[in-house]
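Contents: one structure, followed by commentary.
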Amino acid sequence: MKLVTDRIQKGEITPRITLIGAGPGDPDLLTIKGMRALNTADVVLYDALVNEALLNYAPESAVKVFIGKPTDDEAFSQKSVNKLIIDYALNFGHVVRLKSGDPFFFARGYEEIDFAESYSIPSEIIPGISSATGAPSLQKIPMIHKGLSESFWAVSGSDARGNLSADLRKAAASDATVVVLNGLDRVAEIAAVFQSHGKNRLPVAVIENGSTPAERVVVGVADTIAELVEEKKIAAPALLVFGAVVSLHPQFQPIRDFYELIANEGAY
């Protein structure tokens, strides 16, 4: 540690940390400021959902370290990631922490920066485009639209204890657009929450790998979305969008026609 301290004092190492939002997946959605920060990185620590094409913006000499996502494996725990960031900053200089989406949107960006600042290491945050808004936008699904929605919720599929979020139940009771992250494996259970509020025909979209060449989308209603996800074999990473705004998606037109046909037949 004394050797590291001496190099810092001599100006050979200038520890600093930049936390960058890498966007939803398409490397072209990285911000210009994020690209410029990568250009000066001595070390890049990146997650599983980060497009590795972004590493090309870092100097060839920069150390690139894949740290995956926090798991039960201590090697990838959040605690270990926090320590790695500090170790690399003290030993190499400028550490770029590259996180998918926006680092402060359903991520532990604050925890990592707070830990770095406890060591008095200068830090900077460069926001990114969150998949919560970016992926629906690319599918031409607005969060807010006159006559359909005046607000939107972004909620996690489960709380810290693994239960359905209480906020999800509150959101389902509103007329807002509701985006659910990390909820694909519980889509039937989540849809049931909306059904319990009488929203059986509420439009729903599920977007897999948003903004990437592997992007897929299925559109249905609360009553059918779980079946469609299983039929189309939609896999993570994927997000769910519940709300009247999904009716603006082109794939919803046949569904609208179907229900209108049933309504007309019932009138005779």
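The values are calculated or read from the model by the stated rules, or taken from the named source; none is laboratory data. Every value quoted in this text rests on a predicted model; they were computed, and no experiment measured them. Note that we place each Cβ from the backbone using ideal geometry, even for glycine, and neighbour counts take in every protein chain shown. SASA here: full protein model, heavy atoms, side chains in, ligands and nucleic acids out. Shrake-Rupley method; radii C 1.70, N 1.55, O 1.52, S 1.80 Å.
Filtering I17, I113, I32, I86 for residues that are at pLDDT 90 or above and surrounded by fewer than 18 Cβ atoms within 10 Å (Cβ to Cβ) leaves a single hit, I32.
Cβ separations smaller than 7 Å between residues 6+ apart or across chains give the following pairs from the stretch 72-97 residues that are closer than 13 Å to P122 by Cβ to residues that are of a type in the set (F, W, Y) and at pLDDT 90 or above: I86/Y119; V95/Y88. For the stretch 90-103, indicate whether the set of residues that are out of contact with any Lys or Arg (no Cβ under 9 Å at 6 or more places or on another chain), assigned to a loop (DSSP other than H, G, I, E, B) and open to solvent by 70 Å² or more (accessible area, probe 1.4 Å) is non-empty. No - not one qualifying residue is present in the stretch 90-103.
Cβ-Cβ distances below 6 Å connect the following pairs, each with a first residue in the stretch 117-141 that is closer than 20 Å to N182 by Cα, a second residue that is of a type outside the set (A, V, I, L, M) and open to solvent by 30 Å² or more (accessible area, probe 1.4 Å), and a separation of six or more residues or different chains: S130/F105. Of the candidates A205, A214, the single residue that is touching a residue at least 40 places away in the same chain (Cβ under 8 Å) and either within 17 Å of Q139 (Cβ to Cβ) or assigned to a helix (DSSP H, G or I) (or both) is A205. Residues in the stretch 217-235 that are loosely packed, with under 13 Cβ neighbours inside 10 Å and in a helix (DSSP H, G or I): E230, E231. Take A238 and decide whether it is touching an Asp or Glu at 6+ places or on another chain (Cβ under 9 Å), modelled with pLDDT of 95 or more, open to solvent by 40 Å² or more (accessible area, probe 1.4 Å) and at negative phi. Criteria not met by A238.
To keep it simple, each residue is scored yes or no on (1) open to solvent by less than 60 Å² (accessible area, probe 1.4 Å); (2) touching a Cys at 6+ places or on another chain (Cβ under 6 Å); (3) assigned to a loop (DSSP other than H, G, I, E, B); (4) at positive phi.
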position	(1), (2), (3), (4)
G134	yes, no, no, no
S137	no, no, no, no
P142	yes, no, yes, no
V155	yes, no, no, no
D159	yes, no, yes, no
G162	yes, no, yes, yes
D185	no, no, no, no
A191	yes, no, no, no
